[in-house]
Structures are given as C-alpha cells and as structure tokens.
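Trainee: Take this structure, written in structure tokens, and hold onto it; I'll ask about it next.
The values are calculated or read from the model by the stated rules, or taken from the named source; none is laboratory data. Given the structure is predicted, the values throughout are model-derived calculations rather than measurements. Every residue, glycine as well, gets a Cβ built from its backbone with ideal geometry; the counts of neighbours run over all protein chains shown. Calculation scope for accessible area: heavy atoms of the full protein, side chains included, ligands and nucleic acids excluded. Shrake-Rupley method; radii C 1.70, N 1.55, O 1.52, S 1.80 Å.
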Amino acid sequence: MNKLAEHNGPTLEIEKLSFSFFTRLREIPAVMDFSVAVQPGEAVGLVGESGCGKSTVALGVMQDLGKNGRIVGGSIKFKGRDLAEMSAEELRDVRGNEIAMIYQEPMASLNPAMKIGRQLMEVPMIHEGVSEQEARSRALEVVTDVRLPDPERMLNSYPHQLSGGQQQRIVIAMALMSKPALLILDEPTTALDVTVEAAVVELVRDLGKKYGTSMLFISHNLGLILETCDRVCVMYSGEAVERGSIADVFDDMQHPYTQALFRSIPLPSADKNAHPLVAIPGNFPLPHERPPGCNFGPRCDYFEAGRCDSGQIPMADVAGNDRHATRCVKFQEIDWNAPIEIGEQKEKTEPGKVVLKIENLKKYYEVAANALFGGGAKKVVKANETLSFEARESETLAIVGESGCGKSTFAKVLMGLETATEGQILLDGQNIEQTAIEARDTRTISDVQMVFQNPFDTLNPSMTVGRQIIRALEIFDVGTSDQERQQRMLELLDLVNLPRAFAERMPRQLSGGQKQRVGIARAFSGGARIVVADEPVSALDVSVQAAVTDLLMEIQRKEKTTLLFISHDLSIVRYLSDRVMVMYLGHVVELGSTDQVFAPPYHPYTEALHSAVPIADTSIVKEHIVLEGDIPSAMDPPSGCPFQTRCRWKNEVPGGLCDSEVPPVRQREAGHQIKCHLSDEVLQRMSPVIKMAAE
Amino acid sequence: MDPLSWTGQIAFLTPLLTLVFGLLGLSVLSWIVLNAVLPENRAINSAGGSLSLSSGPRDIASLAVKLCFLAATLLIFSYLVLGLILGTQAGIIGAMARQFLPVWIALVLLFTLSIAFKRRLGLYGKLFDSPIGMIGFALVMFWVFTGVFGAFDMIVTHDDPLAQISGLKNKVPGTPLRSPGEGDFQWYLLGGDNLARDVFSRTVKGAWEVVKIAPLATLFAFMVGITLGLPAGYFGGRLDTLLSFLANLILAFPVILLFYLLVTPEIVQTGLPQYMAIVLFSFPLIFFAVLINSRFRTQPSKNYLWLAIVLLPLLMLYLLVVNDPGSKVDFLTKTIDIIDIPGGILVVFVSVVFVNSPTVFRIVRGLAMDIKTRDYVAAAQTRGERPWYIMLWEVLPNARGPLIVDFCLRIGYTTILLGTLGFFGLGLPPESPDWGSTINEGRKLLMIYLHPALPPAIALLSMVLGLNLLADGLREESLKD
Amino acid sequence: MGLFILSRSGVMLLTALCLTFIVFTLTNLAPNLEKLAKTQGNFRMSDEAVASWLDNNGYAQPTVVKYGQWLGVLPGWTRSTDEGMTGRCMTGVVSASEAANAARFCGILQGDWGHSTVLQKDVASVVSERLGNTMRLMGWVLLLMIPSALIIGVLAGMREGSVTDRSLSTVSILTTATPEYVSGVVFIAIFTSSTVGLKWFKGSATAATDNPTFENFFLPVLTIALYGLGYIARMTRASMTEVMTAQYIRTARLKGVSFPKIVLKHALRNALIAPFTVIMLQLPWLLNGVVIVETLFNYKGFGWILVQAAGNNDIELLLAISVVSVFVVLVTQLISDIGYVYLNPRIRIS
C-alpha cells in the first residue's frame, strides 16, 4: 500500500549533490559534487575515513540533516522523485516504508523504554495501517528471518535484555518490516565483535538477496565492502574520489588516494620487515581548511603544482571499465602498476632474553549477583584462567580476543592495578603479581607502561601536552632539574615525530593520531622495557593506523622494547607480531609464533576468527565459517570447554567431553600450544582458512 | 521643597513606553500563537541553492517582536540617560539614575574591556558571545558594584541606614525632608519605612550584606563539598557509604528547622557555631595542603616552599577568624586577634555553608565517579600517581564546567537562603538593612503601604535572576567546545 | 525488591534516629533550657531557681537518658516531693498510689508525644490538626504545580531553541529566581492591597483553615507552586531535550513516525524518568515554602506551628515536627527510588 509507483531506473540516484552546514561564523561544506546511483537489487559501498562525509550522505538521503544542514546544490532522486521537493507528509511515507536505515550503535537506536515487539509493529501500523494482530505476526516472521532464537520471547523483551549482536539483528528486522526498496546501513557492525560482525554481515547479504533490496553500505572498512557490495564509491574530504565496480576499484584503481589507502592497510602480503606499510603523509584537512583544487593534493605522491591545485576537478570516466570514474587530473598519466617504492627494508630483530614470565596466572573477581539491590549470593567471575607464557626483549607478543576474553584484566594485573588471585608474574625473575602499583618502586613502574585505546580519552583535556609528559618524567625520576626534564620532553616529542611546538598545545587541538603519539611518548618517558598497547590503533582512521603502528615498531627496534599488543584485528596482528596468543573467555586457547597460529592446525576458535576478519584483497579466498550465537557472558560461562557452545568441531570429539571437561593444553611443535579436545588426526585435517586465489 | 514625582520632566516618555510595552506584548503573543498554529516548514531549496527570504506571517511576527524589543530597550535607555542629565528634575527615576552613576561607569568600563579582550579570556570571554549570559552578568555586576560602592557610601542618599528622620514614617516615594540639614539629600527617593528610615539607602546597603556573604559562603561550601566528594566518588566503598549517609542526613533536615535550631542567640552562647567554623573553615587549609603536596611530591624542596607560601597566611587567617575574644574559643591574645566577626554573621555564614555543602558533595561525587573511568585516569594510575594527585589534578580540572555553572546557581540559592533567614528574623541583628529583614518588616503593613517591601523584593529577584541567567549562559557556552 | 525496600527502611530508621537525636540535643542545650525555665516560670528567676526548676521537671538528666525516655525505651523519670509524686508519665502532682499505677514508659513508642509548652495542648492533637491544614494546602499546590511544570517542560524541550522553548524557558527561569517571600509580597501588593492593588484576592488565608475559597486560598497555593514549578519545568525540559536528540528518536523519525507520535509514544516516558526523581526530592523542599507562605498569609498550618515551636523552644512540639518532616523526606526518597526503578525497565528487569 501507498508505495511509490514502480520506476524503471536506479532506485536511488544522487547527482552533483552538495550539502553544507551553516554555523554562526561560516558555511561549512560537508559534501561537494557527489554523485552515485544505486540500481535495483544492487549493493553500493561508500567507503572513507571519519569526517569524509559518508554519514552526511546517508542522512541527506533521509532528508534528516538537522537545523543547520542544507542542500546547496544537486538532487537526490528516489525512484525518479526528488526527495528535496517532497512535502513533510510524503517524506514520512517514504521513511521507514521505502527507505530504511540501520545504524552504528544498535543499543542507542532502540527505544529503551519500549518493548521490542511494539517498536517493530509500529512500522507496518504506520505505513500500511494494518491491525495489531497482523503487525505482530509480521514482526514474528521478520524476527525469525533475522535468525533470532525464540522470537516470541524476543518481542516481549526490552532492548537492554539483548546482547549487542541480537540488538543489531532487531534493528535490521525493523528496517525490513515494510520491505523497503532501499536499505541504508551506516557502519552497522562497528560496535560489534568480529565473530558477531561476520554473522551479521552474512545475514545482511542474504536478506538483501531474499528481499531484493538495494543497499547503500557505509563503512570505513574496505574488507567489509568487498564482502558485501557490488560497487563501491571512495570518498575523501567531502568528495567522491573514485567509484566503480568492486573489481575495478580494488584491482584497477585510478585515484592516488585509493591506492594510498590500500597500501596503508595490512593485507596478508604485508610484512613489517620486508613489505612495510606505507602511511599516507600529512593529515586529513578540516572542512573549512580544504586546499584549492584537489583535496588530496597536499598528501599525494603524484602532486603537480599548477595542475592539481587550481580549479575544480571533475569526475572523469575511466575508459574501458564499467561505470568507473575518478576525480584525478593525472589518472591517465600515472603508471598504476609501478611497483611500490619499498620503504627502507628493515632487519628482522632477534628476540633477546626473557624479561617477562607469566606462570599459571589466575584472576577471579567476586561479584554480587544482583548489583542494584545488593546482597544475594556472590558469584565468582573467572577473568583469567591459568595464563602461562613468556615474553622476550624486542619481541612483539599479540594478545588476540574479543570482548570479555580477559585481555584487559590481564593488562590490569600486569600493571599492578589489580593483584593476582593465583600464579606468578616474574619481571626479570622478580615476583610482582602481588605488588599493587602503590607498592612498586619507580623502576618497576616505569619499566612496565601502557598505551591506551581511545585517543580522545588518553590525555587529560585540561593540561598541555608538554606538562603531561613532564609530569610523567617527574614521577619516573628522570632528570634532576626542570630544564633537564623540559629538554627530555622535547626529545620525546621528536621521538614520536611530533613538532616541538606541540608541547604548548592543549589535547583538543590535536588530531586522534597525534594524541596517540603523545600517549606513546608518555609511555616511553621512563624508558619502558615492556609496553602494553591496548588496541592502540583500533580507534584511528586507516591511513593514520599505519603511521602509528610504524612508529611503535620503530621505537621498539630502537629501544629493544617488549611489546604486548592487545588487539582483536588479526590483520594487524599478522603484520606486526612475532608471537600470538589467542584468548577466549579468560582461557588461552592457542599460543604460538605468528606463522604457527596463522596456519593449520588451528584451535576451532582461531579458525573462526581468521574467517571472520574481512580482508580487502580480491585475490584472497576465505573459507566461510560463521559462528552461531553470541559470546557467552563471563559471569555465566558454559561448562567444560569455554568454546563448546559455538564450536563447529564439537561432534568430532567423542563422549561429550567438551561439555564436561576443560580441555588440557596440548603442546605441539616448537612452543605451539592449543587448548582443545580434538585429536591430532582431526587437527591435521584442518585446511587453511585464507588462501590466495592463484594458488 | 516639593515632593518628587516619579518621572518629573521626562513624563512625556511614559505614554510612549506604555504603548511600546503594549505592542511588545501583542507581538510576542502573536509570535507564539503563529508558531504554535502554523506547521513546521521544510526548507525546500531552489535549484540555485540560495534561500530566499521568505515573508510569511511567522517572519513578520518575529520581526515585530524584535522591533518592539529594540524600541523598549531604547526607551528605557533614554529614561536613564535623560535622568542622568536632568537629575532630580527628571523625578525619582532621574535622581536614582544619577545616584547610581558610579555603578554605570563601572559597568560600562567592565563590559568594554571584557568585550574588547574576550578572545583572550577563556570561558569568561565566551560569556560575551551569549546574550542571555551577558544580561545575567550585567544584572549580577550591577548589584555587586552597588554593594561595593554602597559600602563606601557612594550611592546612598542618607549615609546611615539606621537614621530615622521624624515625619517621614511610611511616607510615599519622593517625599521631601521637613527640615533638611546643610548638604543633606532633600528627599526620601523611595519613601520612608515604618521607622521613618530611607528605603532607598537601606536597599542599597542591603546589597552589600548579600555581596559580602553569599559568594564567600558558597566558596566555602564548594571547598567542603569538593574535599569530601572527590574521595567519596573516587574510592567508593565504605567511605562513600558513610559520607553519603551523612550528606543525606543533613539534606533530610528541613532547612528552616535547621536554621531555627542553629541560628539563635542561645546557640551562639554555647559556642557551637564556632566549633562548626573550626571544622568547616579547616577544609580550605586541607584542600590547599593536599593540592600542593600531591603536585610536588617528587620534588621536596619545591614542595616545602609552596606549602609555606600558601599555608602560612591561610593558617594565620584561619586562626584569626576562628578566635573570638570573650567566647568559648579564645586562645589568642587580644593584640593579635585583629579580625573579629560578629557572632550573628558567623553563625549565619556557618549555617549557610553547612546547608549547602552536602549538595555540592553529591554533585562532585557524581562527577568524580564519571571521570574516574577515563583512560587518562588509568594512565595516571599506571604511572603510579597517588590517589590525591589523580583526584585534584586529573579529575577536578575536568569537572570544572558543571561546577562553575553550579557555583553561579548556588550563589543565587544562597542569596535566597540569606533572605529567608532575614525574613524569619534569624541571625542578623533586627535593624540590619539586608533585604530579607526589610521585606519582613515591610510585609506587616503591606496592605496599606507597598513601598517599603517592594524595592528589596525586586532587588533580590533581579539579583537571583541575574545569577540564573549567568549560569545558563555559562552552561551554553561551555557546552560549545 | 522486597529486600531493597527493607534495607532502605532500615537506613530510613537510622536516619530518623540520628536526626531526632540531633534535634533533641540542640533543643536541650543549657542556654535553651534556661530560656525554657524562664518562660515557664518567671523571667526574673535566679540561677539557682532555674537549676531547681529544671531538676524538678526532669530536664537535669543526661541528654541520652532524656532522649531514651522521649523515645519510650527508658522508663520515664519520677520524683517524690513533699506533696506527692511527679513524673514524666504523670500530670501534675499525684499521690504515691496513683504514681504506682501510671505507666512506666511514656515515649513516642507508646504513642505519647508529650505536651506543648507554648500552645498548652497535647502535641499529638496539635500536630495532627495542623498537619491536616497543611496537607490541604500541599494537595492543591501539587495539583497545580506538577501538571503545569511537566507540560511546560515537555513543550519547551520537544523543540529545542524554538519560540515556545525560549518563551517557556524564560518563564521558568523567572519563577526559580523568585523565592516565596518575594513572590508572596509582590502578589499581595498587586492583588490584595487596599491602596493601589486590584483587590481580587484576600491577603490573609486565616479563614481558609475552616472555609477555603478561591479568594482566600489561591494566592498561597500559587506562591508555593510557582517557585517549585520553574525548577521542575527546567529539569523536565533538560531531560526532554536530551531524549529528543537521542538516536532512538532519530530511528523513530526515520521510521516515518509523525512528530506528535514521536513525542507521545517514544520520548515522553523516557523523558519523565529523570524529573520524577526530581519531583519527589523537591517535595521536602516545599516544606520551606509552606513555612514561609503560612507565615506570610497567616495560615495556621504545620509551618506556622514550626515557627511558633522553634521561636519558643517548645521541645516536644519541635521534636514531633522534626519527626514528621524527616518522615516526609525519607518516604519521598523511598518512593522516588521505587518509582525510578519502576519507570526504568533497564533497572527493573535486571
């Protein structure tokens, strides 16, 4: 009922669209001269770094730019009708009915005080005026479609009773309730864990096919775009710089930014010594400080003064390819197949003596069962279960796992913010597991330091950068006078490649990557020998990630630091680590050198993790493994093997051993260990998850 | 001498003002009605992207409101300017405008300087970007200047707020003195009160009572609230339970009952307010000692130097304030004890601090609980900082936004509390010119004589309104970062 | 939930005990007792006479003992003189046999609230009568204040920065800046004054205790309601604007829900969670307003006797008043906690 008439043309056609936001001071152009078309049943990806305007495009399509945002040029046509010319009532009929949207934060986009069922039923009741019974039966159907267990119960629950993955499925269900012609997905999986993300992505892809919906998929992750979309549009600083089919853009790119982007992400072919990543120099321009001519000009390797920095640069079609266009004046002159100028190749550093040794470390918490009302039985949460490993000088040990795996708890125990329940941590042969941070001597504290995840939170917003580093120097007893410390602080800024003038700046004047560099400088201010880096780059943009990662590697090489790199991103782990430890619900399920962990035999969880990580390389073929369900809560772990609820190899183990017993740690060749009941033959049978297509 | 009329020679402005106010009221009303009735229009753009100035009824109404408002402001301004020029010839308004001359000069100076340098003045400078904040600030500063200059007898017409002049009991505004002495001001501008005292001078003097107590009392309440709230929020656990219980205990007390119990002459006799002062006034000392010590812990020589520079004067001041000859707390010899706070004021001060600090405590506690989860706090912990450094140097500076806003609101609230005390005749001496007491006296004859009670009521209202607007402006501007 | 209420009631009891003990101590300080003796006896009493009067009337005992007797957990004091027995649980001088029959305990636990020295009446009857008057006043205040505050807050908050928002916010700021003794005075001046006023209402509400009419009762109600109104309206507005910028409201909007439905179905419930707590915690503050307004309009209610009792150090009446007001405060806190849990499904279900 009351859907727009069928239309023989693209579902969505955006032409030469420009948006601006108007502030008291000036007009800030958010998107300029943007064109894209989405054909019926097609999935188009919109990729770019934060601030490039991709979410603004989505909101523009929904005509929901707020009070300050305005379309200043171009048109958005949906099924041939210009959305900007619709009245408020017509627009309401389109929203939710013809165009639906899925957001980044599933929890925030569901009404916390309304039952899920009601929120779903609302859609057909508004748009099609159906009765409550009918709406409910439809809701039930769609909830079944998004593969949620026990749909009846789901409809009767409130959003907070569901896990993140389930919430996102509900949001997807809500979007599909009225079988829209166009689905806009704005970073739909960013807030989810990798294995959950994989399942959601698969679901979106399948449902798109089933319902014949066109999709506009917005993401910063090239790998995800590759897995979900037919076509892609790359955006940079408010402009589309390249668009075309996946194959064309990924393998036959015609814009320097696209190329630089691919060179800065850790693909399986990259290697920190032989093929280091190439970071994009410079910074993303602020919207009101864009350069004349090509926005990417100042950061581009092929920049030519006079041509690239004058006048508007239009989109130009690439001859021979299917609807492939690029915004580069020089694309026909550039030799796109020239080999990468390999940066300085670095010697592989040999790990030195053991500096840190963890033996059977356990950390249990006691939690009141009912947090609000107090009392009740105490529950024991086993955050870390018998951790044992050692780390050597100049070695990078990656700790991989999803939320709730206990990696952060381990970091806390190591730093002395918590004390261990059992086992020992030996730093240079001395026990520190029971020494809280207050009781540690300055040397120990400055030896073990940490780099934090969120760059926007890692620096005190009301203290200058210099002051914060000097404070760390004071605490670590570095230098004897204020002058000496001042000097040392400036040297530290040099070390992390920041201009010395930054010492006087406040953190809010710095970009995310720069803040993270200050965080690194602060961590190394006392000559740290062990640095725990807790997802140091995951909150940064792709092009900045490479630079910060490189910086860490470089300092490590110089200072012979032991780096404990906590991450959930296997691509980056493969790129930079020497050894990998995989954790799941407090248990170490696999430990070994990078080569051992990235090749079969795997622990079943590692295997799924490999498959879940999206890789932006068309020549890679992945085995498709989707884990069912969510990660169990650490408050209420499954019996036996922690992974048994989601394991696809479980029926290969006889006698239900997985349900009843925690598997033993199995030593395999040369320090490779796996915590699994699977027999050796079964493990041998495993095939590699990631293969090059050519092989 | 003839009695003064309200406007004197500038009476011709009054019908104009009435007209403009009438129009303003009408236009505001139609503006509201039109906005409520007409549907929200969707900005539909022409292809060229330029937005034409639409001239719908909505825009006309909003234009009318702006024009009327401008006209009203101009008119009021001309009352003031003409009054300044004509003085008493422009009636009571003219005379008052001229009496307030020092305040006008100070306000103009302050605003010119502040607006000229607003980019360099941080949050204070940003205040001048917000019209609401500016209006609020102007109101507050008006009373601050009035209070300060009034204390130096610069604005008042009759220096002694207690002086009674015969024949002026309950006389209406503008009544001339019967037999003015040489150099005396010849009228009671706002009339005389029940005891034949000048209402205008008493209201001006009353401003000083507020200006000297309210901000300082609020500051002390913040010191207490911060020093206790930070550890409660940061450590949590038993300490938090205990402190929160105590705070709730005080909050559960009806304020007036508490005042009645604390602020009586009998209680002053027992020395209780002084004991409370000993405890409450020690918090600034503790605060600064911990602040400095945590900052320079690693550099002992600097540490002692700073501690000495800051703490010695503070300690001196503390002892002088707490000590009161002839009372239960009297340990300094008379020659040293140069500062003497009257018992009435001290007890008022102490009880206002006492009543305000639990609320500040709760706010600070909440902020501390929020901020302690940030990564920069974790970073400080992992480099082995002591808890007090983290609380005072990492948490507190980042809680300053909400605290500054609350500080302004709380001064307003304290002003209201002081008025309440005056209204019930508690604490301050009965003849004190503070606004609350004056309202209390005036209300008894309110059915017949309005003029003694209204000026202090309006003064108090405008000052608290100013503080509220100031807080709103600050909140708005601090959120814009 | 039951456990929660139980533990809260425990804390409540503890708070009530602490507070009454503080009041008890403050009212029983030596200068206060001396004043009491002089007002009850005569003003020219010598120090010895004061001491013996206090001794004879049981005030000379240690404070803790007196407090225990007042509570009814310690036996009331008795004293034999030449003329017979006197005691806490006896009226006047009685014979030894009558004294033996008198109750041993007579504190509030036994339902004996004591005797008011100012009004010369039984405390229990005074308090219950006056409390009734005040309840009537409060009832009307709440009826006027809460709906209008919520409506103003919601209307202002649903479109931040709009005309409605700006005009309503100005009104609410103005009312928060006007304490009761200012607005009361202004209202009396405008509406009741016999010289220049409009003479719409009566400036005194004394008659309203027996016969409340619009004319004599509206001004006191309005005066109290206005001061609280602004605060609640601003809280509601803040909460409403926050909710209106929440992502789930955008979700609803992009689902095609119309604006009135967004406000009513999606925003309202979430927006009212925060103000609910504020309203409940505001109730005890209304007590201040009640005291001021009852004094200003001469309405003989609970606030009026509070002023009387406090001004004359009427110990037992003051204690009864503080018990009642502390009880009100704590019960509202309890209701606020329970209501918050009830309104907020996030807490209710976990």
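Trainee: Taking amide hydrogens as modeled 1.01 Å from N in the peptide plane, which residues meet the under 5 Å criterion relative to A:Ser157, leaving out close sequence neighbours?
Mentor: A:Ile116, A:Gly117
Trainee: Give me D for the range B:286-429 in µm² s⁻¹, whole number, from Stokes-Einstein with Rh from the Kirkwood sum over alpha-carbon pairs, 10 °C and 1.306 mPa s.
Mentor: Estimated diffusion coefficient is 86 µm²/s.
Trainee: Sticking with this structure for a sec: How much length would be gained if the chain were fully extended between A:Glu128 and A:Ser679, taking 0.36 nm per residue of separation minus their Cα-Cα distance, in nm to one decimal?
Mentor: Contour length minus the Cα-Cα distance gives 192.7 nm.
Trainee: Send over the Kirkwood Rh of the range B:201-471, from the inverse of the averaged 1/r over different Cα pairs, rounded to one decimal Å.
Mentor: 20.3
Trainee: Where does the Debye-calculated log10 I(q)/I(0) of the range A:571-617 sit at q = 0.14, 0.25 Å⁻¹, using only Cα point scatterers of equal weight, no solvent?
Mentor: So the normalised log intensities are -0.31, -0.99.
Trainee: Still on this structure, I have one more. Per-residue HN-Hα couplings for the range C:280-287, Karplus 6.51 cos²θ - 1.76 cosθ + 1.60 at θ = phi - 60°, whole Hz, x for Gly and Pro?
Mentor: 5, 6, 6, 3, x, 5, 4, 4
Trainee: Just to be sure I understand the model, the point goes 7 Å from the Cα along the line to the Cβ. What's the resulting C:Leu17 to B:Leu16 distance in nm?
Mentor: Each label point lies 7 Å from its Cα, and together they span 7.3 nm.
Trainee: How much of the DSSP beta bridge set in the protein assembly as shown is antiparallel, as a percent to the nearest 5?
Mentor: 65
Trainee: According to the Kirkwood expression over distinct Cα-Cα pairs, how big is the hydrodynamic radius of the range C:2-110, in Å?
Mentor: By the Kirkwood definition, the hydrodynamic radius is 15.8 Å.
Trainee: If I take every Cα pair under 8 Å that is 6 or more residues apart in the range B:273-419, average their sequence separation and divide by the length, what percent do I get for the relative contact order?
Mentor: Working: 89 pairs, mean separation 38.6, N = 147.
Worked out over the range B:273-419, it gives 26 percent.
Trainee: Across all directions of projection, what mean area in square nanometres is found for the Cα convex hull of the range A:470-568?
Mentor: On the way: hull surface 25.6 nm².
For the range A:470-568, the mean projected area of the Cα convex hull comes to 6.4 nm².
Trainee: Might you report the magnitude of the Cβ-based charge dipole of the range C:123-343 about its Cα centre, with Lys and Arg at +1 and Asp and Glu at -1, to the nearest 20 debye?
Mentor: Dipole of the range C:123-343, to the nearest 20 debye: 1100 debye.
Trainee: Further, regarding this structure: Could you pull the Cα extents of the range C:123-343 along its three principal axes, largest to smallest, in whole Å?
Mentor: 64, 45, 26
Trainee: What is the dipole size for the range B:201-471, taken about its Cα centre, with +1 at each Lys and Arg Cβ and -1 at each Asp and Glu Cβ, in debye to the nearest 20?
Mentor: Magnitude of the dipole: close to 600 debye.
Trainee: Next question, about the same structure. Would you kindly calculate the mean projected area, averaged across all directions, of the convex hull enclosing the Cα atoms of the range A:406-506, in square nanometres?
Mentor: Values: hull surface 31.5 nm².
Its Cα hull, projected and averaged over all orientations, spans 7.9 nm².
Trainee: What fraction, in whole percent, of alpha-carbon pairs in the range B:395-481 exceed 16 Å separation?
Mentor: Tail fraction, whole percent: 60.
Trainee: Near the amide H of A:Lys379, under 5 Å away, which other amide H atoms are found, from residues 5 or more places off or on another chain, if H is placed in the peptide plane?
Mentor: Long-range HN contacts for A:Lys379: A:Val367, A:Ala368, A:Ala369.
Trainee: Counting only protein heavy atoms and a 1.4 Å probe, tell me what percentage of the range B:201-471's accessible area is made up of carbon and sulfur.
Mentor: 72
Trainee: Now for a different question. Kindly flag which residue pairs out of A:Lys348/A:Lys675; B:Lys444/C:Lys300; A:Lys560/A:Lys691 have an alpha-carbon separation exceeding 22 Å in this structure.
Mentor: A:Lys348/A:Lys675; A:Lys560/A:Lys691
Trainee: Can you work out the base-10 log of I(q)/I(0) for the range B:90-183 at q = 0.10, 0.11, 0.17 1/Å, using the Debye formula on its C-alpha atoms alone?
Mentor: For the requested q values the scattering log ratios are -0.41, -0.48, -0.86.
Trainee: Is the range A:528-583 best put as rounded, prolate or oblate by its Cα gyration tensor, with a ≥ b ≥ c the root eigenvalues, rounded for a/c under 1.5, and otherwise prolate when a/b is larger than b/c, oblate when not?
Mentor: It comes out oblate by the Cα gyration axes.
Trainee: Which of the pairs A:Lys362/B:Lys372; C:Lys38/C:Lys121; C:Lys35/C:Lys66; A:Lys362/A:Lys407; A:Lys115/C:Lys265; A:Lys272/A:Lys558 have their Cα atoms more than 21 Å apart in this structure?
Mentor: With Cα atoms farther than 21 Å apart: A:Lys362/B:Lys372.
Trainee: For chain B, what does the relative contact order come out to in percent, with C-alpha contacts under 8 Å and a separation of six or more?
Mentor: Across chain B, relative contact order equals 19 percent.
Trainee: Could you give me the radius of gyration and the Dmax of the range B:221-346, taking only the C-alpha atoms into account and expressing both in angstrom?
Mentor: 17.6, 50
Trainee: Under a point-charge model restricted to the Cβ atoms of Lys and Arg (+1) and Asp and Glu (-1), what is the dipole moment magnitude of the protein assembly as shown relative to its Cα centre, in debye to the nearest 20?
Mentor: Rounded to the nearest 20 debye, it is 2460 debye.
Trainee: Once both labels are modelled 7 Å past Cα along the beta-carbon direction, what's the A:Glu623-A:Arg24 spacing in nm?
Mentor: The two pseudo-label positions are separated by 6.2 nm.
Trainee: In whole Hz, what ³J(HN,Hα) sequence does the range B:376-390 give by Karplus (6.51, -1.76, 1.60; θ = phi - 60°), x for Gly and Pro?
Mentor: 5, 6, 4, 4, 5, 4, 6, 9, x, 5, 6, x, 5, 4, 4
Trainee: Could you compute the FRET efficiency for A:Glu504 and A:Asn273, with r as their C-beta to C-beta distance and R0 at 41 Å, rounded to 0.05?
Mentor: 0.65
Trainee: With the Cα gyration tensor of the range C:224-350 in hand, give its eigenvalues times 5 under a square root as the equivalent ellipsoid semi-axes, listed largest first in whole angstrom.
Mentor: With the √(5λ) rule applied to the range C:224-350, the semi-axes are 41, 17, 8 Å.
Trainee: Under 5 Å between amide hydrogens, which residues at least 5 positions from A:Ile399 or on another chain qualify, with H placed 1.01 Å from N in the peptide plane?
Mentor: Result for A:Ile399 returns A:Phe565, A:Ile566, A:Ser567, A:Met581.
Trainee: Using each residue's phi in the range A:64-78, evaluate 6.51 cos²θ - 1.76 cosθ + 1.60 at θ = phi - 60° and report the 3J(HN,Hα) Karplus result to the nearest Hz, with x for Gly and Pro.
Mentor: Values, residue by residue: 10, 9, x, 6, 8, x, 8, 7, 10, x, x, 9, 10, 10, 10 Hz.
Trainee: Could you work out how far helix C:30-40 tilts from the main Cα principal axis of chain C, as a 0 to 90 degree angle to the nearest 10?
Mentor: On a 0 to 90 degree scale, this one is about 70.
Trainee: Give me the distance between the Cα centres of the range C:1-63 and the range B:274-304, rounded to whole Å.
Mentor: Between the Cα centres of the range C:1-63 and the range B:274-304 lies a distance of 37 Å.
Trainee: Next question, about the same structure. In the range A:108-125, which residues have a backbone nitrogen under 20 Å from the label point lying 7 Å from C:Lys261's Cα in the Cα-to-Cβ direction?
Mentor: Only A:109-125 pass the distance filter.
Trainee: What share of Cα pairs, in percent, lie more than 13 angstrom apart in the range A:36-75? All intermediate terms of the calculation are to be shown ahead of the outcome.
Mentor: On the way: 482 of 780 pairs.
When all Cα pairs of the range A:36-75 are counted, 62 percent exceed 13 Å.
Trainee: Another question, then. I'd like to know how chain A sits against the 2.2 N^0.38 Å rule of thumb: what's its Cα Rg over that expected value? Please list the in-between numbers first.
Mentor: Numbers: Rg = 26.6 Å, N = 695, 2.2 N^0.38 = 26.4 Å.
Normalised Rg, Cα atoms only: 1.00.
Trainee: Now for a different question. Taking each full run of DSSP H in chain A as one helix, which ones are at least 24 Å long along their axis (Cα atoms) and have mean Kyte-Doolittle hydropathy of at least 0.0?
Mentor: Answer set is A:194-211, A:542-559.
Trainee: Take every Cα-Cα distance within the range C:64-183, group them into 5 Å bins from 0 onward, and report for each bin the whole-number percent of pairs it holds.
Mentor: With 5 Å bins starting at 0, P(r) equals 2, 9, 11, 11, 11, 8, 6, 6, 7, 7, 7, 6, 4, 3, 2, 1, 0.
Trainee: Further question on the same structure: Beyond 21 Å, what share of the Cα-Cα pairs of the range C:123-219 is found? Please give it as a whole percent. Mind dumping the intermediate values first?
Mentor: Working: 2419 of 4656 pairs.
I get 52 percent for the Cα pairs in the range C:123-219 exceeding 21 Å.
Trainee: Another question, then. Any idea what diffusion coefficient the protein assembly as shown gets from Stokes-Einstein, in µm²/s, Kirkwood Rh on alpha carbon pairs, 4 °C, 1.567 mPa s?
Mentor: The estimated diffusion coefficient comes to 34 µm²/s.
Trainee: Output needed: percent of Cα pairs per 20 Å distance bin for chain B, bins running from 0 to the one holding the longest distance.
Mentor: With 20 Å bins starting at 0, P(r) equals 18, 47, 29, 6, 0.
Trainee: Send over the Kirkwood Rh of the range B:162-302, from the inverse of the averaged 1/r over different Cα pairs, rounded to one decimal Å. All intermediate terms of the calculation are to be shown ahead of the outcome.
Mentor: Values: mean 1/r = 0.0498 Å⁻¹.
Kirkwood hydrodynamic radius for the range B:162-302: 20.1 Å.
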